[in-house]
Amino acid sequence: MRTPNKEITKALPGDRPAGAGGLARYVAAATLARTADGGAVVAVVLLVTTSGGPGWLAGLLGASITAPHLLGPFVARSLDTARDARNVIAFACIAHGGTLAAAVLLYPVTLPIVPALLLIVSGLFGPLLTGGISSRLPEIAGDSRESQRRAQGWDVATYGIGGTLGPGIVAAVSAWSGAAVAALMLAAGTMLAAILVKLLPHGSRAANQTEVPKPGQTLLLMLTTGPLRRTLYMTMTVALSVAVLPITAVASTGHFKVDGAAAGILTAAYGLGNLAGSIGVMIRPLKGDADRLMTWLAFTVAGALLCVTLSTVFSAAIAAYGLAGIINSYFFAATLAARSEYAPQNSRGQVFVWVGALKITAGSAGTALAGAVIAGPAPLPLHAALVLTAFIAACSIVDRNSTRNPVQ
């Protein structure tokens, strides 16, 4: 099957260069939305625990807002059928923030089932704040591949900032005035994000609804289209692999003979590396075919994980974690490029959200598996992760070369 977009180096159909102003509004909206999405679960868990609630309830309500992300692909079709996808994303921001605020306010005065149901609704809209917003970037970034990929560097940065800033804001505000106030601040951020989304440039008109595949059909398309298939399984593999790093950081403090709290330094180094990598993509955008870039960057991720395993002193481990963050950012930027350049115009939103949802699933699986086996030798999860990443990267080469058509 041929790639849906024949000229991947040119503007996608309907793209309109938006200039720096459009990209700036996009970055602001995406950062606000992803900060709320990244901090919401921390706020919910703190709300329960600081009010004296049991741990099982904190876990249940936290899962209520994270688990529905897996259903994201089944609501993402609206992005591809709407006459104006900005309305869909703006509504998602308002719904996410509104139900989060309602759950927080009602938690002290109702049975737990009420906030749980509200948080499920909030979580259901979460994927539209992550992959859904990213699916609009190709129509904002400009008509050249260089401008598209530079903008993808900004997009990677919004994920990193949101994932770091969200929990940080919650921790700081919770210590100052309580977890409820922190959650309400996140909710207010999504409302502001909705306004900024509405100020983004209008994209191309929607396809006829009969031309937009259903979620299952989109997944099948992804599995049978070479570049999208490789995007999917390499994204999931790398997400699973890097998810072991925080668990390994905690387990390795004894090996380095440092205080347990020093694990936070390693995870912070990884986060700063992610941010540095995104800046690198902005300054010098990735060049070349996105499909092949993913393969070689996946090998590089495996190499960075190897550096972590070979670190014998704490300072070397800090540098290795930072390197892993940098490489992961470059890999993430390559996956965004692949989604933009290979996804069909009539299902681009669904492709972005499908990959994002399965990436979250794989990352959660990696964390769970690492936690399950960390009682053994501390490097074991890391060794397994780097071998798996290198193996899947090698499989992608075989996959690409196993057909006569070079884009398969």
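Assorted remarks:
- Residue within the stretch 352-368 that is crowded, with 21+ Cβ neighbours inside 10 Å and among the aromatic types (Phe, Trp, Tyr) present: yes
- Qualifying positions in the stretch 144-185 - among the polar types (S, T, N, Q), in contact with a helix residue (DSSP H, G or I) (Cβ under 8 Å, 6 or more places away or on another chain) and within 29 Å of Asn328 (Cα to Cα): Gln148, Gln152, Thr158, Thr164
A quick yes/no check of all residues on (1) of a type in the set (A, V, I, L, M); (2) in contact with a Leu (Cβ under 7 Å, 6 or more places away or on another chain); (3) not in a helix (DSSP H, G or I):
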{"position": "Ala102", "(1), (2), (3)": "yes, yes, no"}
{"position": "Thr110", "(1), (2), (3)": "no, no, yes"}
{"position": "Ala116", "(1), (2), (3)": "yes, yes, no"}
{"position": "Val121", "(1), (2), (3)": "yes, no, no"}
{"position": "Gly142", "(1), (2), (3)": "no, no, yes"}
{"position": "Gln148", "(1), (2), (3)": "no, no, no"}
{"position": "Ala151", "(1), (2), (3)": "yes, yes, no"}
{"position": "Pro167", "(1), (2), (3)": "no, no, no"}
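- Meets criteria (at pLDDT 85 or above and surrounded by 22 or more Cβ atoms within 10 Å (Cβ to Cβ)) for Ala58: no
- Odd one out for Thr130, checked against (1) farther than 21 Å from Gly62 by Cβ; (2) in contact with an Asp or Glu (Cβ under 9 Å, 6 or more places away or on another chain): (1)
- Pairs, first in contact (Cβ under 8 Å) with a residue 40 or more places away in the chain in the stretch 176-196, second among the aromatic types (Phe, Trp, Tyr) and part of a helix (DSSP H, G or I), C-beta under 6 Å, six or more apart: none
- Qualifying residue in the stretch 174-189 (condition: in a loop (DSSP other than H, G, I, E, B) and assigned by TED's automatic domain parsing to the domain that holds Ser122): yes
- Set Leu192, Leu228, Leu200: member being at pLDDT 95 or above and in contact with a Phe, Trp or Tyr (Cβ under 8 Å, 6 or more places away or on another chain): Leu228
- So Ala338, is it at pLDDT 85 or above and either crowded, with 17+ Cβ neighbours inside 10 Å or within 24 Å of Val156 (Cα to Cα) (or both): yes
- Identity of the residue in the stretch 66-92, among the β-branched types (Val, Ile, Thr) and modelled with pLDDT under 90, that ends up nearest to the chain's Cα centre (by Cα): Thr66
- Residue satisfying condition, being surrounded by 24 or more Cβ atoms within 10 Å (Cβ to Cβ), closer than 19 Å to Ala33 by Cα, of a type in the set (Val, Ile, Thr) and in the same structural domain as Leu199 (by TED's automatic domain parsing), within set Thr164, Thr99, Thr130: Thr130
- The condition (being farther than 23 Å from Ile360 by Cα and either at pLDDT 95 or above or in contact with a Ser or Thr (Cβ under 7 Å, 6 or more places away or on another chain) (or both)) is satisfied by just one residue among Ala101, Ala95: Ala101.
- Residue check: Ala183 meets all listed conditions (1) closer than 25 Å to Gln148 by Cα; (2) surrounded by 17 or more Cβ atoms within 10 Å (Cβ to Cβ); (3) not hydroxyl-bearing (Ser, Thr, Tyr) but one, namely (1).
So that you can scan it fast, the table gives a plain yes or no per residue for (1) surrounded by fewer than 21 Cβ atoms within 10 Å (Cβ to Cβ); (2) under 29 Å from Gln350 (Cα atoms); (3) among the charged types (D, E, K, R):
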residue: Gly226; (1), (2), (3): no, yes, no
residue: Val281; (1), (2), (3): no, yes, no
residue: Pro285; (1), (2), (3): yes, yes, no
residue: Leu305; (1), (2), (3): no, no, no
residue: Thr309; (1), (2), (3): yes, no, no
residue: Phe314; (1), (2), (3): yes, no, no
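The values are calculated or read from the model by the stated rules, or taken from the named source; none is laboratory data. Here the structure is a predicted model, which means the values were calculated and not measured. Positions of Cβ are backbone-derived with ideal geometry, glycine not excepted, and every protein chain shown enters the neighbour counts.
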